[in-house]
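Visitor: One structure, as structure tokens, below. Some questions next.
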Amino acid sequence: MELLAKFFVGQIVHHKKFDYRGVVFDADGTFQGSDEWYDVVARSKPPKDEPWYHVLVDGDTKATYVAERHLEADVQCEPIRHPLLSKLCGEYREGRYTPTHRLQ
């Protein structure tokens, strides 16, 4: 069974529980972290067999690893501010960030 990710690289998202905005810069089809990290950080025990996302947090220097169930599409669609944004994402266009590289 192939899992489909709800969010895409470059999409601006909102964390429902912790109320922050960010941009997806990478995605995993299933949880790819360590069991130790999951036990300590993922206190709500979200499913490991569903997509997880790497997110740059708006107005901060942090990047987070978030289970799909904790995210929703951001309704503001305003650009975000993060020091790594220009290294991990392309330009902001029409409410999203373009990929930094294209497949040949």
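Visitor: Among the listed residues P99, P83, P46, which satisfies the condition of being more than 10 Å from I12 (Cα to Cα) and touching a helix residue (DSSP H, G or I) at 6+ places or on another chain (Cβ under 7 Å)?
Guide: Sole residue among the options that is more than 10 Å from I12 (Cα to Cα) and touching a helix residue (DSSP H, G or I) at 6+ places or on another chain (Cβ under 7 Å): P46.
Visitor: Of everything in the stretch 27-46, what is exposed (fewer than 10 other Cβ atoms within 10 Å of the Cβ) and either under 13 Å from V57 (Cα atoms) or of a type in the set (D, E, K, R) (or both)? Give them in sequence order.
Guide: D35, E36, R43, K45 - these are the residues of the stretch 27-46 that are exposed (fewer than 10 other Cβ atoms within 10 Å of the Cβ) and either under 13 Å from V57 (Cα atoms) or of a type in the set (D, E, K, R) (or both).
Visitor: Of the residues V9, V24, which is modelled with pLDDT of 95 or more, surrounded by 13 or more Cβ atoms within 10 Å (Cβ to Cβ) and either of a type outside the set (F, W, Y) or in a loop (DSSP other than H, G, I, E, B) (or both)?
Guide: Going through V9, V24 in turn, the sole match is V24.
Visitor: Any residue in the stretch 74-81 that is touching a strand residue (DSSP E or B) at 6+ places or on another chain (Cβ under 6 Å) and closer than 16 Å to P99 by Cα?
Guide: Yes, the conditions are met somewhere in the stretch 74-81.
Visitor: Right, next: Which residues, taken from the stretch 64-74, are aliphatic (A, V, I, L, M) and free of Cβ contacts under 8 Å to residues at least 40 places away in the same chain?
Guide: A67
Visitor: Tell me, which residue of the stretch 48-76 that is modelled with pLDDT of 95 or more and among the aliphatic types (A, V, I, L, M) is surrounded by the fewest Cβ atoms within 10 Å (Cβ to Cβ)?
Guide: Once the filter is applied, the top-ranked residue is A73.
The rows are residues; the columns are (1) touching a residue at least 24 places away in the same chain (Cβ under 8 Å); (2) part of a loop (DSSP other than H, G, I, E, B).
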{"residue": "T30", "(1), (2)": "yes, yes"}
{"residue": "Y38", "(1), (2)": "no, no"}
{"residue": "D49", "(1), (2)": "yes, yes"}
{"residue": "L56", "(1), (2)": "yes, no"}
{"residue": "D60", "(1), (2)": "yes, yes"}
{"residue": "Q76", "(1), (2)": "yes, yes"}
{"residue": "S86", "(1), (2)": "no, no"}
{"residue": "T100", "(1), (2)": "no, yes"}
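Visitor: Taking the residues in the stretch 51-79 that are β-branched (V, I, T) and closer than 28 Å to V40 by Cα as candidates, determine which candidate is farthest from the chain's Cα centre (by Cα).
Guide: Applying the filter and picking the extreme gives T61.
The values are calculated or read from the model by the stated rules, or taken from the named source; none is laboratory data. Predicted, not measured: the structure shown is a model, and the values here were computed from it. Here Cβ is always computed from backbone atoms with ideal geometry, including for glycine, and neighbour counts include all displayed protein chains.
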